[in-house]
1. Please list, in order along the range 107-113, the HN-Hα scalar couplings obtained from phi with the Karplus expression 6.51 cos²θ - 1.76 cosθ + 1.60 (θ = phi - 60°), rounded to whole Hz, x for Gly and Pro.
2. Can you pull the accessible area of residue 188 for me, 1.4 Å probe, Å² to the nearest 10?
3. Label 7 Å along Cα→Cβ of residue 85; the range 111-135 residues with amide nitrogen under 13 Å?
4. Mind giving me the FRET efficiency for residue 134 and residue 51? R0 is 22 Å, r the Cβ-Cβ distance, nearest 0.05 is fine.
5. For the range 116-121, just list the computed ³J(HN,Hα) in residue order, Karplus coefficients 6.51, -1.76 and 1.60, θ = phi - 60°, integers in Hz, with x standing in for Gly and Pro.
6. Once phi is turned into ³J(HN,Hα) by the Karplus curve 6.51 cos²θ - 1.76 cosθ + 1.60 with θ = phi - 60°, what whole-Hz value does each residue of the range 156-162 show in order, with x for glycine and proline?
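The values are calculated or read from the model by the stated rules, or taken from the named source; none is laboratory data. Predicted model, so just to flag it, every value in this text is computed and none were measured. All Cβ positions, even for glycine, are placed from backbone atoms using ideal geometry, and neighbour counts span all protein chains on display. Keep in mind that these areas ignore ligands, DNA and RNA; they rest on the heavy atoms of the full protein, side chains included. Shrake-Rupley method; radii C 1.70, N 1.55, O 1.52, S 1.80 Å.
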Amino acid sequence: MVSRVMLDTLTFLLEKLFLIAHIRLSSLLPPLPRRSDRDESAPTPAPQRFQRGDLLEVPRTLFTHFGIYLGDNRVAHLIPDILPALTADSLQIQEMVTNTRLLLGVLSKRASIRVDSVEDFAYGAGILLNAMDRAVRRSPLSGEEVARRAERLVGSVSYSLLWNNCEHFVTFCRYGNAQSLQTDKFCEWLKSLIRDQRMVLLTALLGLLSMVCLGISPSTALPTLLIPFTLWMAS
């Protein structure tokens, strides 16, 4: 029971750290444009150059978003979204996912694998085509198999920044093995912090400050003791 609590606590803290490292607070982000507000002069991708089963990658400022091209200008992609948990109105759910919906989906661990147009998926940004093929050791499956895998998974899913994000979805569909290179890079960065034993002292001091400010309770005392001890043992 204690080990389970420790694991859940560490997972929770890692996910929140990953969130802070990749996504700004919604108040600092400009709202995503609605269809009617899009700049019609902005360059749009040419979907005719995509083949069914292609992996589409959209680099953004803080993270990279991934999807699988299904043909006919449609892209399946996994995106955090709180709205399906609040309403069954399919028309409302199908509207573009706002930053508020996205961030609340991340925090509540709710997401959808949905199908959008190439333009809505890209938000006017440039698209990289099958760029991950050079980084993943496995050979891609046939385009038709990739697309069928994506289509079978469309619907509501649980979400985790570390263990089940949009990159896990596309790598499972295209290579048969779910993985996230972004998560791997984050874990490598975290390892470098753990190796620096000064982080143990800093974390302990921050934990003590939180206990002073918030009072002594299981929610403050457990991380204050557990996290520095884990960092010390791992360093």
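1. Values, residue by residue: 5, 8, 6, 10, 8, 9, 9 Hz.
2. Accessible surface of residue 188 is approximately 100 Å².
3. 111-112
4. 0.80
5. 10, 5, 4, 5, 5, 5
6. 6, 9, 6, 10, 8, 4, 8
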